[in-house]
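Trainee: Supplied in structure tokens, the structure appears directly below.
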Amino acid sequence: MYNAKSGIWNGLLDSLHKVSSPETYSCELCQLTYGLTYMNRKWKAFLLTLPYKITFLHLDELWSDLPKAEFPVAFFKGTEGYDILISKEEMRSCKEIQDLIVLMKYKLDES
């Protein structure tokens, strides 16, 4: 779940914000996984290797059955519903895309 709103206009504003003032940009997931307009190639290739259906949502697209959490966050759907897989704090600790990939692999192996 991105800590951003959906849509082309919001995406453009987010891109400008990431470039002009990255230290105040509030979505660590966007910062790591997207450049100005496209998904990071390494991240995209990693996602294609996963045996799961991956869905990315923005703040204005949230489902009612998701647990309350600070965004950005990654959820995993198990037999009992959704659980937090990667918290905002854990995402914030990732400084490069490879850090997020390693964290995601570790968390998925645990679940």
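The values are calculated or read from the model by the stated rules, or taken from the named source; none is laboratory data. Here the structure is a predicted model, which is why all the values come from computation and not from measurement. Counting neighbours? That spans all protein chains shown, and the Cβs are built from the backbone with ideal geometry, glycine included. Please note that ligands, DNA and RNA were not included when accessible areas were found on the heavy atoms of the full protein model with its side chains. Shrake-Rupley method; radii C 1.70, N 1.55, O 1.52, S 1.80 Å.
Trainee: For region 60-66, in order, what is each residue's ³J(HN,Hα) by Karplus, 6.51 cos²θ - 1.76 cosθ + 1.60 with θ = phi - 60°, in whole Hz (x at glycine and Pro)?
Mentor: 8, 10, 5, 8, 6, 8, 7
Trainee: How much of the accessible area of region 14-111, in percent, comes from carbon and sulfur atoms when a 1.4 Å probe is used? Spell out each step's value before the answer.
Mentor: Numbers: 3560 of 6570 Å².
Reported share for carbon and sulfur atoms: 54 percent.
Trainee: So what's the projected area for the chain, the Cα convex hull averaged over all directions, in nm²?
Mentor: Details: hull surface 27.9 nm².
Approximately 7.0 nm², given one-decimal rounding.
Trainee: Among L32, L57, A74, flag the residue with its Cα farthest along the positive direction of the charge dipole of the chain, charges on Cβ as +1 for Lys/Arg and -1 for Asp/Glu.
Mentor: Most positive-ward Cα: L32.
Trainee: Let me ask something else. Calculate the spin-label point distance for K77 paired with L36, positioning each point 7 Å from the Cα along the beta-carbon direction, and give it in nanometres.
Mentor: Going from the L36 label point to the K77 one covers 3.6 nm.
Trainee: If you don't mind, another one. Rounded, prolate or oblate: which fits region 49-89 when a ≥ b ≥ c are the square roots of the eigenvalues of the alpha-carbon gyration tensor, with rounded for a/c under 1.5 and prolate only if a/b beats b/c? Please report the intermediate quantities before stating the final value.
Mentor: Working: a/c = 1.37, a/b = 1.28, b/c = 1.07.
Because its axes are fairly even, with a/c under 1.5, region 49-89 counts as rounded.
Trainee: Suppose the chain between A69 and S87 were pulled fully straight at 0.36 nm per residue; how much longer would it get relative to their current alpha carbon spacing? Intermediate values should be presented prior to the final figure.
Mentor: Numbers: separation 18, 0.36 × 18 = 6.48 nm, distance 0.79 nm.
Separation in residues times 0.36 nm, less the Cα-Cα distance, equals 5.7 nm.
Trainee: Quick one: which residues, 5 or more positions from L85 or on another chain, have an amide H under 5 Å from its amide H? H modelled 1.01 Å from N in the peptide plane, none for Pro or chain starts.
Mentor: A74, F75, F76
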